Amino acid sequence: MSTRNLTDDDLTRAVLASFKGAGSARFREILESLVRQLHAFASEIQLTEEEWFQGIEFLTRTGHITDERRQEFILLSDVLGLSMLVVGINNRRPPEATESTVFGPFFVEGSPAFSNGGDLANGAPGEPCLMQGRVLDPEGEPVPGAHIEVWMADEDGFYDVQYDELAEPRGRGHLRADEQGRWWFWSVKPEAYPIPNDGPVGALLAAAGRHPMRPAHVHFLVDAPGYQRLITHVFASGDRWLDSDAVFGVRSNLITAFERREAGTAPDGREMRTPYWTMAYDIVLAPGESSGEELWPAEQVEPAQRSDA
């Protein structure tokens, strides 16, 4: 097809025809659909050249602010609801299984290893909190040895990677469920916080009259052979932002109570000299193809911290 003197409709057809030689059928399918819908979008709203340049400039700024510590494109996908749409499409599970939600931009590979009862906070500011639960299958049977990655913000709403020159990870780590599928660790009570809003995504939210807040939550990534990998959050019940999460990630079965307790003996036997919080949540994995236990080799773990807090 000639690419000379094309009408608007002929232009779209010519671009689609240009992908006929693609080596991958899936690649061609994606590009053709993208072109059709982009062209239809521009035609429907009669996109002006000034608006098109503003869009290019927005994407350029998004790229410039993205680095190894901050992924602005993921943040953009999150606030547009695309992340949760893709999560929903790719994670159909039985109703008994824990639901997936957004991955977020602050996961870091190679987190420190802990044994059950360890203190993942590692000095992060916040009120101490014991988090505990089990990893189960849909029939309620334990999934022993499940690998559990955890990461969370501190009471000021910052993840460790958002601090300059922090000596070691805080509020993140990984552990394994015991033979009864149980897991427990200490960290700090999660607090609601704004997503990073000092960049182009923040400007987009402000222009749209939207707030940047996320309800209080803890991130979990759970793997076990023979089960689908789960990427999810556990949210604090009663949080004012549960019904207006900036990234649309809340699911009702991911909400649980965080309870304040007075100083004394904690459920795991630790003696607490100050008030603290507890949370209990059972994670239910859906059966599926092995998620690759080889990604998580045996490791040295920190001993459970039993000192006073």
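Miscellaneous remarks
- Residues being open to solvent by 60 Å² or more (accessible area, probe 1.4 Å) and under 24 Å from F73 (Cα atoms) - total across the range 166-190: 0
- Members of the range 265-294 that are free of Cβ contacts under 8 Å to residues at least 12 places away in the same chain and either of a type in the set (D, E) or outside any strand (DSSP E or B) (or both): E294
- K20 falls short on exactly one of the conditions (1) open to solvent by 90 Å² or more (accessible area, probe 1.4 Å); (2) in a helix (DSSP H, G or I); (3) under 21 Å from T3 (Cβ atoms), and that condition is (2).
- Scan of the range 109-141 for residues that are open to solvent by 30 Å² or more (accessible area, probe 1.4 Å) and acidic (D, E), ordered by number: E109, D119, E127, E139, E141
- Contacts under 6 angstrom Cβ, first residue in the range 1-21 being more than 12 Å from E32 (Cβ to Cβ), partner small (G, A, S) and open to solvent by less than 100 Å² (accessible area, probe 1.4 Å), 6 or more apart: M1/A14; M1/A17; T3/A14; L6/A14
- Test: I283 is open to solvent by 50 Å² or more (accessible area, probe 1.4 Å) and at pLDDT 95 or above: no
- Among strands (runs of 3 or more DSSP E) entirely within the range 163-244, having at least 2 residues that are among the β-branched types (V, I, T) and under 28 Å from D67 (Cα atoms) singles out 217-223, 230-236.
- Residue in the range 142-163 that is free of Cβ contacts under 8 Å to residues at least 24 places away in the same chain and open to solvent by 30 Å² or more (accessible area, probe 1.4 Å) present: yes
- Only residues that are crowded, with 17+ Cβ neighbours inside 10 Å and either of a type in the set (D, E, K, R) or part of a loop (DSSP other than H, G, I, E, B) (or both) were counted in the range 252-264, giving 0.
The values are calculated or read from the model by the stated rules, or taken from the named source; none is laboratory data. Keep in mind that what you see is a predicted model, and the values were worked out from it rather than measured. Because the Cβ atoms are built from the backbone with ideal geometry, glycine has one as well, and the counts that use them run over all protein chains shown. Calculation scope for accessible area: heavy atoms of the full protein, side chains included, ligands and nucleic acids excluded. Shrake-Rupley method; radii C 1.70, N 1.55, O 1.52, S 1.80 Å.
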